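See below for the structure under consideration.
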Amino acid sequence: MLALLVALTLTADTPSVAVVSPGAPSLAAKALETGGLPLVLTSPSLPPAGPLSTPAPDSLVSTARAAWVQADFQRCLASLADDALVSRALEQRDLTLAARTLVWRVACRLGARQEGGARRDAEWLAALRLPLPPDVGAMTPEVETLLTAAARTIDAEPLVPLVVQSPIAGAAVAFDGRPGACIVPCRMELRRGVHVVEVSADGYSPRTAVVSVAAPGAETSLALEVAEPALAMAQWAARQAAGDEVDSGRSARLLSTALRAPRLLVLTTGDGGLVRGALAIDGVVLARGERDDVPALVKDLLVRGKVFEPSVPLWKRWPFWLAVGAAVVATGVTTGVVLANRPVTTRVELNP
Amino acid sequence: MRGPGAVDSAGAPAGRTARLPDRALPPARRTPWASAVLVVLAACTVQREVSLTFGTEGEGLDGFMCRDPQGQFLLDRARDGDGGVRPGALVFDFVRLGGVPGCRTGQLVKWCSTRECKPLRQARACVPGVTLPTVTPMMKREDLRAAVLSALKQVRSTGVLDDAPDEFVIVRAVGTLQSCEALTAKPEDVELPGFDKAELLGCAYSCPVLLDRVDQDVYLGFETLTVQCEQGVRICSDGQLQWQP
């Protein structure tokens, strides 16, 4: 216990740098052998990747459909009454499920003589521009008529702009389950109605908001929270699967987030037997390098990343030049004094 | 041609460059250090030469042409009973003054009356076998001067001292019938032997001079207004440069 306390005390102010080398664990092991550093190198294990998203269950739609077939419209509506079912399906990019949910709600409401609610759901479906699912063929002609009429009504109305903001620069915005729409700050022309807006960024947990767009001037701002390690690893794995380099800036940032490591050194094998590395501080790559010697590469990156400063050579220190100057002056003065006071030997001769 | 017996207080020949005492360092260490110091000193030492002169025409030789109160030339003291001439010695002294007095005889005597004006023990040089001329009847003074000068030129280019004192001194040349052996200090002597007044042949001296700095020949002369200047010779050759009655 005492030894632990002493060790903790001694290392309390010593910065640490995490070293990872996904796919080449020997590189991290070599990096840990780097000596003469005023910091601690660690090699943490990468956390397991979690799922990027969980598929929305469609069992409620099946329940509603069965209730509708049995003309039990109340049970049908009860199964699908929650608007969150639609937004959740859109968050999961399951446009079909979102469309089926709304279509069956329209069918159930018409069966229950709730024409107003049915029209509202039909217009929501139209506003989301979701394709009509094949389920429509199993419904009454009234349902299809209402859906078509609502679509015509919404289509006839002018688009309404919606501005989406986020403090996370470069965050991507998805509208109604369709990703890649734009980058914040984002202005998008949408059909009047309720829309599902999602803002996402690497290293952050995506956030979704249901926004009612009725008139110009609508604006929403979504702040994101740092992703959990499992999510960050899932994002990193997805980027790797898409061809991202292990030592790219995005990869280093995601690994820093996943490992909760503000100082991260990412190593990977390069061309010709060289080792590539990148040093990320707070998720930002500050130094890159490629060498054949892992410890040398580690030192180089840490110095260039200003994690620590190498000892300044003697000739670069001002006291050295002050001493040299003083020595030169002293030597000059001494030489001058010696020359000015050189001993004289005078030989005396008789020369009458 | 230094005096054969001239030695300094450490037993080394006088006038040579000072050396570290042998006991200054242990034997194992002194050799390299002493060598290094000597090399440095030798490399930094300025070598100079200064000549002593009595003037181109011997105008400084008046002190070698003095008569005693009886009218006899001091040079005639060298005559022996057989009509021959005894050789004498020419002694050079470097007299420490302890300051820089004026050059005139009166100034020097006054200065030395209150101060110690002694020849430096280790700096005496003696040239033996110097035969100065005797005076013939009706000999003109200028001829005598030329003869004395000629005799002194026989010892021309004689090395008087290898290393002149680093202080103001007057250089004194004394002609005497005494031998160099008698005038050279022995190891047990505290002071230099004095001159026998009766054996003096002549004397000349310089102004106070710092030989390490002087840029000309050092002129030796004798200040007198009369040929009966034996008293001046005694003063000049005195161990204390004191007034001689």
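The values are calculated or read from the model by the stated rules, or taken from the named source; none is laboratory data. From a predicted model like this one, the values you see are computed outputs, not experimental measurements. Note: ideal-geometry Cβ built from the backbone for every residue, glycine included; neighbour counts use all protein chains shown.
Figure legend. Inter-residue proximity from segment A:240-258: first residues hydroxyl-bearing (Ser, Thr, Tyr), second residues assigned to a helix (DSSP H, G or I), beta-carbon distance below 6 Å, spacing 6+ or different chains. Indicated pairs: A:257/A:232. Only one entry in B:84, B:63, B:71, B:55 is modelled with pLDDT under 90 and either under 15 Å from residue B:205 (Cβ atoms) or more than 14 Å from chain A (Cβ to nearest Cβ) (or both), namely B:84. Checked against (1) over 13 Å from the mean Cα position of the chain (by Cα); (2) in a strand (DSSP E or B), residue B:133 passes all but condition (2). State whether the residues of segment A:94-102 include one that is within 22 Å of residue A:212 (Cβ to Cβ) and in contact with a Phe, Trp or Tyr (Cβ under 9 Å, 6 or more places away or on another chain). For segment A:94-102, residues within 22 Å of residue A:212 (Cβ to Cβ) and in contact with a Phe, Trp or Tyr (Cβ under 9 Å, 6 or more places away or on another chain): present. Figure legend. Inter-residue proximity from segment A:282-306: first residues closer than 19 Å to residue A:256 by Cα, second residues charged (D, E, K, R), beta-carbon distance below 6 Å, spacing 6+ or different chains. Indicated pairs: A:283/A:253; A:287/A:304; A:289/A:300.
Give the residues of segment B:97-130 that are touching a residue at least 12 places away in the same chain (Cβ under 8 Å), surrounded by fewer than 13 Cβ atoms within 10 Å (Cβ to Cβ) and of a type in the set (S, T, N, Q), sorted by residue number. Selection gives B:113 alone. Only one of the numbered conditions (1) more than 14 Å from every other protein chain (Cβ to nearest Cβ); (2) surrounded by 18 or more Cβ atoms within 10 Å (Cβ to Cβ); (3) closer than 25 Å to residue B:135 by Cα; (4) in contact with a strand residue (DSSP E or B) (Cβ under 7 Å, 6 or more places away or on another chain) is violated by residue B:174, and that is (1).
When the criteria are applied in full, residue A:152 meets the requirement of being over 24 Å from residue A:84 (Cβ atoms) and in the same structural domain as residue A:123 (by TED's automatic domain parsing).
From the list A:105, A:109, A:129, A:100, the lone residue that is surrounded by fewer than 19 Cβ atoms within 10 Å (Cβ to Cβ) and modelled with pLDDT of 90 or more is A:129. Among the residues of segment B:61-85, the one identified as among the charged types (D, E, K, R), surrounded by 14 or more Cβ atoms within 10 Å (Cβ to Cβ) and assigned to a loop (DSSP other than H, G, I, E, B) is B:68.
State which residue is modelled with the highest pLDDT when the search covers only segment B:19-52 and only residues that are more than 11 Å from every other protein chain (Cβ to nearest Cβ) and surrounded by 15 or more Cβ atoms within 10 Å (Cβ to Cβ). Per the criteria, the residue is B:34. Among the residues of segment B:159-184, those that are touching a helix residue (DSSP H, G or I) at 6+ places or on another chain (Cβ under 7 Å) and closer than 19 Å to residue B:197 by Cβ comprise B:172, B:174, B:175, B:176, B:177, B:178. Annotation: residue B:189 fulfils all but one of (1) surrounded by 14 or more Cβ atoms within 10 Å (Cβ to Cβ); (2) under 15 Å from residue B:123 (Cβ atoms); the unmet one is (1).
In this structure, is residue B:108 part of a helix (DSSP H, G or I), among the hydrophobic types (A, V, I, L, M, F, W, C) and more than 23 Å from residue B:86 (Cα to Cα)?
So residue B:108 fits the description; yes.
Looking at residue B:160, is it assigned by TED's automatic domain parsing to the domain that holds residue B:63, crowded, with 22+ Cβ neighbours inside 10 Å and either closer than 30 Å to residue A:342 by Cα or among the basic types (Lys, Arg) (or both)? Judged against the criteria, residue B:160 is a match.
For segment A:129-180, the set of residues classified as at positive phi and part of a loop (DSSP other than H, G, I, E, B) consists of A:129, A:170, A:176, A:177, listed by residue number.
Determine, yes or no, whether residue B:144 is at pLDDT below 95 and buried (at least 20 other Cβ atoms within 10 Å of the Cβ).
Numbers: at pLDDT below 95: yes; buried (at least 20 other Cβ atoms within 10 Å of the Cβ): yes.
Spelling it out, residue B:144 is indeed at pLDDT below 95 and buried (at least 20 other Cβ atoms within 10 Å of the Cβ).
If residue A:313 satisfies every condition in (1) under 30 Å from residue A:289 (Cα atoms); (2) surrounded by 10 or more Cβ atoms within 10 Å (Cβ to Cβ) but one, which is the exception? The single condition residue A:313 does not satisfy is (2). Hey, among the residues in segment B:186-215 that are among the charged types (D, E, K, R) and over 23 Å from residue B:60 (Cα atoms), which one's farthest from the other protein chains (Cβ to nearest Cβ)? That would be B:188. Taking each residue of segment B:142-161 that is closer than 18 Å to residue B:176 by Cβ and away from chain A (no Cβ under 11 Å) and looking for partners that are assigned to a helix (DSSP H, G or I) and modelled with pLDDT under 95 with beta-carbon atoms closer than 8 Å, six or more apart or interchain, yields nothing.
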